[in-house]
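J.: Below is the structure I would like to discuss, written out as structure tokens.
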Amino acid sequence: MIEIVIIIALIALMARFLPSLILLSQFSYPNAKFSAIENKFLKEKELTKLLECKNLEELKNNVISRDFIIEGENVKEMQESIEKSLIKLLLMAKKDSPKKVRDFYDAYMEKIDAEKLKRAIRSLLEEKEIEEKAYSQKIKNIIEKLKKADREQAELILKEYGYEIDFEKSVEEIEKEIDKKAIERLLLAELPKNCRKARDKFVGIFIDILNLKTIFRGKYYGMDIEKILLDGGWEISEWQIKELLKLTSIPEIISTLEGASYFASLRQAITDFEKEGVIALERALDKHLLKVANEIANEFTLNIGPGIRFIVEKEFEARNLMAIVKAVGEGMQEEAKKVLVME
């Protein structure tokens, strides 16, 4: 009788924990692969070398990478090739990962394409031709429909896809709605329970960083920003946001953040802020996001953590390369240094 009870208990334990163990084993290959792929375009030495190129042809010859293939004869074509390389990397990460987490990679691709949707809407409002090319199916469909729509039709198209957008509102409010939907999509992505904390932490910190950038830019340029802040941050609560909005001095705002993980990065950027302006603080926050992605990979190393770090790093590498292409093509190397994000 005792033996039967023990056997039943063991079967119950296996039924409870076996699915989790199987899922963990499915992460071993992709996570090892993600860790083995270098992130050379986040290194100061490599980026400095590329900025020294005298023309686009020399730049192409100096970008030696399996991850990013630069093709084309002008800035636009070369930037598009970098973007295509980024999408291939995201699709590779999705394909190699367990099926139960692939929806997160689709959601992340929509987050990247959200910037294209913003630019498409700006073009429509300015009565310019929409030239944006999206890669996620949803944003691709929206942009293709917007290309054939007038202003009134465009609002209906966006509402059809869940965007509560009113073209009578400011561009900033319209873009907030797009960011909000991108964040909702990340938070609603289907994931196993043991992967959700890593996702929630990353998205919450991403919201904090977007809000801090908005506050700094608003204070720096004297903009009214209260309507364009997002809910749901990780460290900065709604009441803290309200307190920050009451302050007028950017150094005072940074001092008020003491105790938050963002404080050290922003304090170190104060000197650069005095020389460069608000872009220095935005760069510090982007660098902090890279650091957070690495921490998430170490904290959640047996599930989706390394995948989050990988796609965040590759997105920043792509941004760095596109900035360098523009800088070399237009002779703006010194200006480009201000926007490059390095570890």
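J.: Determine the dipole magnitude for the chain: charges of +1 sit on the beta-carbon of Lys and Arg, -1 on that of Asp and Glu, nothing else is charged, the reference point is the Cα centre, and the result goes in debye to the nearest 20.
T.: Value, rounded to 20: 1080 debye.
J.: Where in segment 109-137 is the amide nitrogen less than 14 Å from a point lying 7 Å along the Cα-to-Cβ axis of residue 167?
T.: What the label zone holds, given the 14 Å backbone N cut-off, is 120-130.
J.: Could you derive backbone 3J(HN,Hα) for segment 167-176 from the dihedral phi with the Karplus parameters 6.51, -1.76 and 1.60 (θ = phi - 60°), listing whole Hz in sequence and x where the residue is Gly or Pro?
T.: My calculation for segment 167-176 gives 5, 7, 7, 5, 4, 4, 5, 4, 5, 4 Hz in order.
J.: Taking only Cα atoms, what is the 0 to 90° angle, nearest 10, from helix 305-330's long axis to the longest principal axis of the chain?
T.: Here the helix axis deviates by roughly 20 degrees.
J.: Taking the chain as a Gaussian network, Cα atoms linked when under 10 Å apart, which of 233, 259, 329 shows the biggest mean-square fluctuation?
T.: With Cα springs under 10 Å in the chain, the top fluctuation among 233, 259, 329 is at 259.
J.: Given the rule -39500 (n - 2.57) for each run of at least 4 DSSP H residues, summed and divided by the residues of the chain, what is its mean residue ellipticity at 222 nm, to the nearest 500 deg cm²/dmol?
T.: Dividing the helical sum by the residues of the chain leaves -23500 deg cm²/dmol.
J.: Among the GluC sites (Glu not before Pro) within segment 106-138, which fall in a DSSP loop and have no more than 16 other Cβ atoms within 10 Å of their own Cβ?
T.: The qualifying sites are 126, 127, 129, 131.
J.: What residues qualify as long-range amide H neighbours of residue 39, i.e. H under 5 Å apart, gap of 5 or more or another chain, H built at 1.01 Å from N?
T.: For residue 39, whose amide H was placed from the backbone, there are no distant partners under 5 Å.
J.: Could you give the size of the charge dipole of segment 77-148 about its Cα centre, using +1 on the Cβ of each K and R and -1 on the Cβ of each D and E, expressed in debye and rounded to the nearest 20?
T.: Once rounded to the nearest 20, the dipole reads 400 debye.
J.: Going toward the positive end of the dipole of segment 208-343, with +1 on Lys and Arg Cβ and -1 on Asp and Glu Cβ, which of 322, 308, 245 do you reach last?
T.: 322
J.: Right, next: So what J values fall out for segment 140-152 if you push phi through Karplus, 6.51 cos²θ - 1.76 cosθ + 1.60 with θ = phi - 60°, rounded to Hz, Gly and Pro as x?
T.: Along segment 140-152, the couplings run 4, 4, 4, 5, 4, 6, 5, 4, 9, 9, 8, 4, 5 Hz.
J.: Using θ = phi - 60° and the Karplus relation 6.51 cos²θ - 1.76 cosθ + 1.60, list the HN-Hα couplings for segment 290-296 in order, rounded to whole Hz, with x at every Gly or Pro.
T.: Once rounded to whole Hz, the list reads 4, 4, 5, 4, 5, 5, 5.
J.: Return the single residue from 314, 45, 111 with maximal mean-square fluctuation; model: Gaussian network over the chain, springs between Cα atoms under 10 Å.
T.: Top of the fluctuation ranking is 45.
Rule-based calculations on the coordinates, nothing more; no lab input. In this text the structure is predicted, and so the values were computed from the model without any measurement. Counting neighbours? That spans all protein chains shown, and the Cβs are built from the backbone with ideal geometry, glycine included.
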